[in-house]
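Structure first, then comments.
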Amino acid sequence: MTTIRYSIFMVFVFILSLPLYAEMRTWTASGYKIEAEFVRFDDVTKNVELKGETNKMFDVKFDLLSKEDQEYVQKHTHQSRGDGNPFKQRSETNTPSETPQSKRIRYALLVGVNDYKTLQPLRFSCNDVNYLAEQLQKAGYEQENVVVVCDTAGKTSLTPMKENIERELNRLINKTGDNDQFFFVFCGHGLNIGNQAYLAPYDMEIPKSPEDIKALETLISVDWVYEKFAECPARVKLLFLDACQENLFASRAIREKSSIKQLDAAEFKNRNVAKNVLQFHACSPNQFSYECTELSHGVYSYFLAEGLGGKADWDNDGRINVLELHQYASDNTFRYVRDKLKKPNEQTPQFFGDLRGNPRIAELSEDTLERLKKKIEMDIVEYRKLKHAFVLKSSADKVEFWGKCAEKNIPEGEFLYGYCLFEGHCVTKDKEKALEFFNKAMTQDFYLAKDQLDEIKEMDRQTELVRQELLKKEKKQQAFENYERGLRYFKGDGVLKDYKEAFTWFHKAAEQGFASAQSNLGVCYEKGYGIDQDKEKAIKWYRKAADQGDIIATDSLKRIETETARIEFERLKKEQAEQEKTKNEERDRLRKEITEEVLHDLNKKKYTGNSSSQPSNINNSTKIQKPQLSESEVSRLTNQYIWRTPQWESIAEIQEIKQYIRQYGRPPQKR
């Protein structure tokens, strides 16, 4: 609804403000009439191009014309596609690129002042004019015709002193011709002294009173600027002033004592201005123009520059006119100050002046992404109405436009251009590339592309192609390709078998999270294919693949764990057997030592078999004497005991038996 109201407003302003001429026929738009000649109808923008008596070109939205005018346009548009069209030659000889309006030279003087000797410094005035200069060059201004005078200009002759500003203003005005365009911008402080408006250059002095002539001469009078604009022969003259800053003086005490006040936008409405001058002002009367740290610009200056860069092109015709620029910059400034700076109703930009029509002030050198999207949206509307017939009846220029949108990843363009490729309409038939564009559009949730793919799936060959495309998208494409390549090297499928090369590609795919590649990488580490065996790393990659549900990796992991447990069990069993063997060997050694000792004693003294070694039977009342046995006797008795009761286990036990025999002269009765 806002778009319709704005469109009606634009048509009303520039049609009603034009003088009426008796030329060709009368056209009616939204209740208003204009006499002009039909030139052509633009299929892309849906604009009707008309030409007035002075060869001035106008654009009117087709939907805003009366029914009679619409029929007239349709009739002559169809005729223009055949021979003998009376408008065909005229439209070719008066194309926008050849009209006097488009041949005009555009000049711009941009002045920005940050630092002042006597006033409160500003932060972003230089940023504003530099950004405006950049956007103006994108909008058709030649670099040599855009002069920036600011603190950061880098040349003494372009510092924002009064002498430099006035010199450059005079120089550029003298260069302009009758059909040219001149744009003057001032971003800095403005002063109101004795009901006179002034612009403040860097080297200004503060007047002590309205009669301080010497100090006043350091300022630039706004009336003097208007006089220069009156002398300027340019066809279109634009004046942009951002000079109503909030803080004029650094000290509050100085502000209260001084009779000098900030410049107010109301000062400009009441002054006599030359004809064909349109003024842009950053705010309304009794308001201030705000700077913003987040933007690093003055708010209005920023959105004005953004608009000139292409965002103000409301009707997407590649041209920016006065109303479009003001509407964009004003609306965005008001909303930004209200929402971001929390200052509701405190900055409402204005524009006024004596200028008839709605002149074009900028031409975009190339289509922006936003313009392309808005243009192609109209084609999608037509496609929904006519379906396939709309595409198949489209011109080669239209198909080329869709291709341009497709290159910029606009889903509507990808869909329409893909359709042309699929059918071979105005381009070489290429079904695989068409499917590629359809899938790109589908990934951006463009439902028409999905519907088209569903239709293609019904055909056998196309179904297979779509399946392959969807398979590549469902899987990690690059990982899948790396895995496939590694598998070919591993099996020697079409290439020489090379385990090292296979390992390299498996490793890349595994690092990208592809489960089958992780499982195969585990095999390489386990078996030593292309890499040294490393069971720990094999388990690591098997486990990663198993976590993703890979059955082969899960089985391999169980197999390795079972094998590891079996090996550990056999190791423990072997270790236990070795301990038992060591124990038995030690026992046999001790037995051998005792036997050798006994035999040695027997060779020295033959065993007599008397009972002298047995303890004597003595009376209980008598003190039992400890038997005196030689060590050879003790060893012999001990050996006898051991051979008779072989269930002994340790040396300590044998020592206890010997001690018992020494004490009692006999072996123990029971063990």
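The values are calculated or read from the model by the stated rules, or taken from the named source; none is laboratory data. The structure presented is a predicted model; accordingly, all values stated were derived computationally and were not measured. Backbone-built Cβ (ideal geometry, glycine too); neighbour counts: all protein chains shown. All accessible areas refer to the heavy atoms of the entire protein, side chains included, with ligands and DNA or RNA removed. Shrake-Rupley method; radii C 1.70, N 1.55, O 1.52, S 1.80 Å.
A few comments on the model shown:
- Selection status of K440, at pLDDT below 85, part of a helix (DSSP H, G or I) and either out of contact with any Gly (no Cβ under 6 Å at 6 or more places or on another chain) or acidic (D, E) (or both): no
- Whichever residue in region 70-120 is modelled with pLDDT under 85 and acidic (D, E) and, among such residues, is farthest from the chain's Cα centre (by Cα): D83
- Within region 620-670, the set of residues being closer than 24 Å to T582 by Cβ, among the charged types (D, E, K, R) and at pLDDT below 75 comprises E649 only.
- Within region 41-66, the set of residues being modelled with pLDDT under 80 and either open to solvent by 50 Å² or more (accessible area, probe 1.4 Å) or farther than 21 Å from N321 by Cα (or both) comprises D43, K46, E53, T54, N55, D63.
- The helices (runs of 4 or more DSSP H) found entirely in region 464-559 that carry 3 or more residues being closer than 30 Å to K431 by Cβ and at pLDDT below 85 are 477-491.
A quick yes/no check of all residues on (1) open to solvent by less than 30 Å² (accessible area, probe 1.4 Å); (2) over 27 Å from K117 (Cα atoms):
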residue	(1), (2)
A139	yes, yes
E144	no, yes
V147	yes, no
K155	no, no
M161	no, no
I165	yes, no
L169	yes, no
N174	no, yes
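- Test: residue in region 579-590 that is touching a helix residue (DSSP H, G or I) at 6+ places or on another chain (Cβ under 7 Å), modelled with pLDDT of 70 or more and in a helix (DSSP H, G or I): yes
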